[in-house]
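The values are calculated or read from the model by the stated rules, or taken from the named source; none is laboratory data. As the structure is a computational prediction, the values presented were derived from the model and not from experiment. In this analysis, Cβ positions are derived from the backbone assuming ideal geometry, glycine residues included, and neighbour counts consider all displayed protein chains.
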Amino acid sequence: MKAYETVQKARDIHRLSTIEMINALCTGFVELHGDRAMKDEKSIVGGVGLINKTDPITIIGIQKGRNTEENIRRNFGSSGPAGYRKAIRLMKQAEKFNRPVLTLINTAGANATPESEEYGIGEAIATALTTMSELTVPTLAIILGEGGSGGAIALALSDEVWMLENSIYSILSPEGFASILWKDSRLASDAAEMMKLTASELLELDVIDRVIPEAEMSNEELAAYLVPEIVTALANLKTVDANTRLAKRYDRFRKY
Amino acid sequence: MGFFRKKKKYVPITPLRTEEMKQRHAQIPDDLASACPGCHEIIFKSMIGQDYLCPKCDYHLQFPARERVDWLMDEGTFREWDQEITAANPLEFPGYDEKINKGQRLTGMNEAVLTGQGELEGLPFAIGVMDSRFIMASMGTVVGEKLTRLFERATELDLPVVLYIASGGARMQEGILSLMQMAKVTQAVSRHSQAGLLYCPVLTHPTTGGVTASFAMQGDITLAEPAAIVGFAGKRVIEQTIKSELPADFQKAETVLENGFIDRIVSRKKQHQGLHFLLQVHQKERTVE
Ligand SMILES: [Zn+2]
């Protein structure tokens, strides 16, 4: 049941988080709040930072809590429409100021509540996808933990999509998959084996571009390992002119 | 051109049946009856007219895609696109091939969406119609591919797109590749949009999941049929989350209109006229008569 072990690791709230990654990557970072329409959604963190004190970047990531209080504030990493609209706003801001966009993903899925529906979670995700498909700046998405369904791909229509070795990316949870397939959510580990949700399987399926090995690294070590990788990837993407990058991004997702 | 004029063949009372329609009805056993979801009266298939409205309460019943195309478009103008592509079974999901076969037999379609081009009162447009009898019109790789080609070809041909949407969401049997369709179709919709062309989704019952979270909510002008369920998460899933029951009008098109995510609700009796008007408003100079 190896796949389900990965699922459990991916769900560990002590994994490398968005905020830890931001702190490791940026010499300075200012978090920016609010979607300008409804509220500030705390499960999505976004803002502008500097890498090596010189290179501006926009970072948007989903943040789970590490304790009950924080999890309630961060809604367990499940964002409603306001979070995706904040992300859209910050992406458009990045476009205006011509800086790359890094998205960091760790969500079981978008928030499934009456309020979320009332304020148009479908429209918010749909518009996030459109926005990402039209960005002319370099974009990189990294799945840190859970990459659950529409709430994950909303931030992953990027030039490159990476996954941490023990993260997952799937159409729905293995529990949900098992209850559809066998009418029994307890068979989640069997479902996980079948779903091709691990990083190595998704690399093989060409759904992602790169697997980041975690080995036995601590969060600090893993973040430190990722910093030069991210810097290099964004620099490489920047050398390509915007039209070529857009065409490549189109082809990247056109092939499925 | 009088765009309030209705063609004779669209008069809904005692519909004129073409030979083809008679044959289709003849294939359905006479005893096949179901309760109307609107008024709960028992309706026999033979009582249902060309527009698939409940004869008793005008409830908008499931409209088979081919018949919707025949009903909507000028006679003889429809040319189907990409009718040959069929799905693989990438996860080797047990029973999936049988499900596809069943959907194909039931609908006479290769997959859950029918695409092509045609005319409405002489105005050309590209059209897609999803058919919920085909595995709940869930979006797998073929549905995504046909929709992507619909928008790509419409962009090449400089045509507006009218897309009748119905979907249970992503097709779970194709796993992550279904999720990727949201990105794939979005890109094609975006290019079509950037070419200055009209995209008019018509949301029919039910429009849910990843389809709502992508091309259903990316239109320039978004129409819906009365009482259609339009939402992202399933009602039962939300009820489980909040541990209480939701009102009957939750995710109904009328509610979604009030919440600001739909432009208009248009009944079938007014769709020819309504769509024709929108096509006329947005037609490119070359098609002006
Ligand atoms: Zn009725």
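Could you please give the count of residues in region B:170-201 that are touching a Ser or Thr at 6+ places or on another chain (Cβ under 8 Å) and more than 10 Å from every other protein chain (Cβ to nearest Cβ)?
Final tally of qualifying residues: 6.
Taking the residues in region B:228-277 that are more than 20 Å from A:Ser116 (Cα to Cα) and in a loop (DSSP other than H, G, I, E, B) as candidates, determine which candidate is nearest to the other protein chains (Cβ to nearest Cβ).
Taking region B:228-277 first, the residues more than 20 Å from A:Ser116 (Cα to Cα) are B:264-277.
Filter again for in a loop (DSSP other than H, G, I, E, B), leaving B:266-267.
On the way: B:Val266: 19, B:Ser267: 23 Å.
Ranking the candidates gives B:Val266 first.
Can you tell me which of B:Gln104, B:Gln50, B:Gln62 is among the polar types (S, T, N, Q), modelled with pLDDT of 90 or more, within 20 Å of B:Arg133 (Cα to Cα) and within 16 Å of the ligand (Cβ to nearest atom)? First the steps, then the outcome.
Details: B:Gln104 fails: within 16 Å of the ligand (Cβ to nearest atom); B:Gln50 fails: within 16 Å of the ligand (Cβ to nearest atom).
Testing whether each residue is among the polar types (S, T, N, Q), modelled with pLDDT of 90 or more, within 20 Å of B:Arg133 (Cα to Cα) and within 16 Å of the ligand (Cβ to nearest atom) leaves just B:Gln62.
Given the conditions (1) among the β-branched types (Val, Ile, Thr); (2) over 25 Å from A:Asn111 (Cβ atoms); (3) crowded, with 17+ Cβ neighbours inside 10 Å, which single one is not true for A:Val227?
For A:Val227, the exception is condition (3).
Can you pull out every residue in region A:132-151 that is more than 14 Å from chain B (Cβ to nearest Cβ), not in a strand (DSSP E or B) and not β-branched (Val, Ile, Thr)?
Here is the first cut: in region A:132-151, the ones more than 14 Å from chain B (Cβ to nearest Cβ) are A:137-138, A:140, A:142, A:144-145.
Then drop every residue that is not not in a strand (DSSP E or B), which leaves A:137-138.
A:Pro138 - this is the single residue of region A:132-151 that is more than 14 Å from chain B (Cβ to nearest Cβ), not in a strand (DSSP E or B) and not β-branched (Val, Ile, Thr).
Using beta carbons and a limit of 6 Å, which pairs, at least six apart or on different chains, have the first residue in region B:94-106 and in the same structural domain as B:Ile135 (by TED's automatic domain parsing) and the second one of a type in the set (Phe, Trp, Tyr)?
As it stands, the answer is B:Gly103/B:Phe134, since those pairs meet every condition given.
What pairs come out if I take residues in region A:5-17 that are within 15 Å of A:Gly148 (Cβ to Cβ) and pair them with residues that are assigned to a helix (DSSP H, G or I) and hydrophobic (A, V, I, L, M, F, W, C) whose C-beta lies under 7 Å away, six or more apart or interchain?
Listed pairs, sorted by first residue: A:Val7/A:Ala192.
Given the conditions (1) part of a helix (DSSP H, G or I); (2) more than 23 Å from B:Glu225 (Cα to Cα); (3) β-branched (Val, Ile, Thr), which single one is not true for B:Val143?
Unmet condition: (2).
Within region A:108-116, does at least one residue satisfy the condition of being aliphatic (A, V, I, L, M) and modelled with pLDDT of 95 or more?
Checked region A:108-116: at least one residue is aliphatic (A, V, I, L, M) and modelled with pLDDT of 95 or more.
What number of residues in region B:92-118 are over 17 Å from the mean Cα position of the chain (by Cα) and part of a strand (DSSP E or B)?
Final tally of qualifying residues: 0.
Within region A:164-178, does at least one residue satisfy the condition of being part of a helix (DSSP H, G or I), at the interface with chain B (Cβ under 9 Å from one of its Cβ atoms) and within 23 Å of B:Ala183 (Cα to Cα)? I'd like the intermediate steps shown before the answer.
From region A:164-178, those part of a helix (DSSP H, G or I) are A:174-178; that's our starting set.
Within this subset, residues satisfying the condition of being at the interface with chain B (Cβ under 9 Å from one of its Cβ atoms) are A:176-177.
Then drop every residue that is not within 23 Å of B:Ala183 (Cα to Cα), which leaves A:176-177.
Taking every residue of region A:164-178 in turn, at least one turns out to be part of a helix (DSSP H, G or I), at the interface with chain B (Cβ under 9 Å from one of its Cβ atoms) and within 23 Å of B:Ala183 (Cα to Cα).
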